[in-house]
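Below: one structure, written as structure tokens.
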Amino acid sequence: MKCIVCKKGSTEPGATTVSIDKGATIVVIRGVPAAICSTCGEEYINADTIKDIEKIVGSAQKAGLNIAVQQFNAA
Ligand SMILES: [Zn+2]
């Protein structure tokens, strides 16, 4: 896929770390699959992956955690 930010690079599959600050909870998720631009480093995360991230954030909030560090596990 061509990068829409720099319009020069193309993306390569990789993994990234995502941090989400939501309400009283901060969740850091490692190993999130993403397409990463080889030129500018922009990261593209697909909609299914974002849904999984939201589930992880939701369960951390239910557990009443202030800070959670999770490894992303593809469903
Ligand atoms: Zn780019």
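The values are calculated or read from the model by the stated rules, or taken from the named source; none is laboratory data. Because the structure is predicted, anything quoted here is derived from the model rather than measured. Quick reminder, even Gly has a Cβ in these numbers, built from the backbone with ideal geometry, and neighbours come from all protein chains shown. The area values use the complete protein model at the heavy-atom level, side chains included, leaving out ligands, DNA and RNA. Shrake-Rupley method; radii C 1.70, N 1.55, O 1.52, S 1.80 Å.
General observations
- Estimated 222 nm signal from helices in the chain, with DSSP H stretches of n ≥ 4 weighted -39500 (n - 2.57), rounded to 500: -7000 deg cm²/dmol
- Among G64, G41, G23: highest mean-square fluctuation, GNM of the chain, C-alpha pairs under 10 Å: G23
- Averaged per residue, region 11-71 has 62 square angstrom of accessible surface, using a 1.4 angstrom probe with ligands and nucleic acids left out.
- Along region 37-43 the Karplus relation, 6.51 cos²θ - 1.76 cosθ + 1.60 evaluated at θ = phi - 60°, assigns HN-Hα couplings of 5, 6, 9, 10, x, 4, 10 Hz to successive residues, with x for each Gly and Pro.
- In plain terms, if you count all Cα to Cα distances in region 11-71 and split them into 10 Å steps from zero, the share in each step is 23, 48, 23, 5 percent.
- Sparsely packed trypsin sites (Lys or Arg not before Pro) within the chain, loop by DSSP, other Cβ within 10 Å at most 12: K7, K8
- Rounded to whole numbers, the Karplus 3J(HN,Hα) couplings from phi for region 46-53 are 7, 4, 5, 5, 5, 4, 5, 4 Hz, using 6.51 cos²θ - 1.76 cosθ + 1.60 with θ = phi - 60°, and x at Gly and Pro.
- Percent accessible area from carbon and sulfur atoms, the chain, protein chains only, probe 1.4 Å: 52
- Summed residue charge, Cβ within 15 Å of P13's Cβ, Lys/Arg positive, Asp/Glu negative: -3
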